[in-house]
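Have a look at the structure below before the remarks.
The values are calculated or read from the model by the stated rules, or taken from the named source; none is laboratory data. Just so it is clear, the model here is predicted, and its values are computed rather than measured. In this analysis, Cβ positions are derived from the backbone assuming ideal geometry, glycine residues included, and neighbour counts consider all displayed protein chains.
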Amino acid sequence: MESILSELRLAARSLRRTPAITIAALITLAIGIGANSAVFRQGVGLAIVGIIAGFVGASFLTRLMTSLLFGVSPSDLVTLASVAALLGAVAAAASYLPALRATRVDPLVTLRDE
């Protein structure tokens, strides 16, 4: 707890000494965090829509594919849930990597290019 208070005191002193640099640093952090969460949220949101569509499609198509299934019933919830969890984990990892890359980009360079 004491270390947090000392960090807050240091931040307040640096804000008083150089307010422009401190505000620029805070804006840079805010832009980076916003980019990271926006990219991740968009990717995971699309994955959730795809998983829901997959559940709906699977519920309709399993009756047609009963002769192709060996050792698994057409309405096996454990199999459906494990496949959905695996696809969700892959989609989260695939969304995290671009979000991580977006945080490494300097926001000032990005704003200058636009």
Exercise. Among the residues of segment 42-53, write down those that are surrounded by 12 or more Cβ atoms within 10 Å (Cβ to Cβ) and either without any contact (Cβ under 8 Å) to a residue 24 or more places away in the chain or closer than 11 Å to residue 88 by Cα (or both).
Key: 43, 44, 45, 46, 47, 48, 50, 51
Self-check item: Count - residues of segment 62-85 that are more than 25 Å from residue 44 (Cβ to Cβ) and part of a helix (DSSP H, G or I)
Solution: 3
Quiz prompt | Any hit, segment 34-49, residues being at pLDDT 75 or above and either over 24 Å from the mean Cα position of the chain (by Cα) or hydroxyl-bearing (Ser, Thr, Tyr) (or both) | solution = no
Exercise. May I ask you to list the residues in segment 62-78 that are β-branched (Val, Ile, Thr), under 35 Å from the mean Cα position of the chain (by Cα) and modelled with pLDDT under 80?
Key: 62, 72
Quiz item: Would you say residue 56 is loosely packed, with under 11 Cβ neighbours inside 10 Å, out of contact with any Ser or Thr (no Cβ under 8 Å at 6 or more places or on another chain), of a type in the set (A, V, I, L, M, F, W, C) and more than 30 Å from residue 102 (Cβ to Cβ)?
Solution: yes
Quiz prompt | Enumeration of residues in segment 86-109 that are touching a helix residue (DSSP H, G or I) at 6+ places or on another chain (Cβ under 9 Å), free of Cβ contacts under 8 Å to residues at least 40 places away in the same chain and in a helix (DSSP H, G or I) | solution = 90, 101
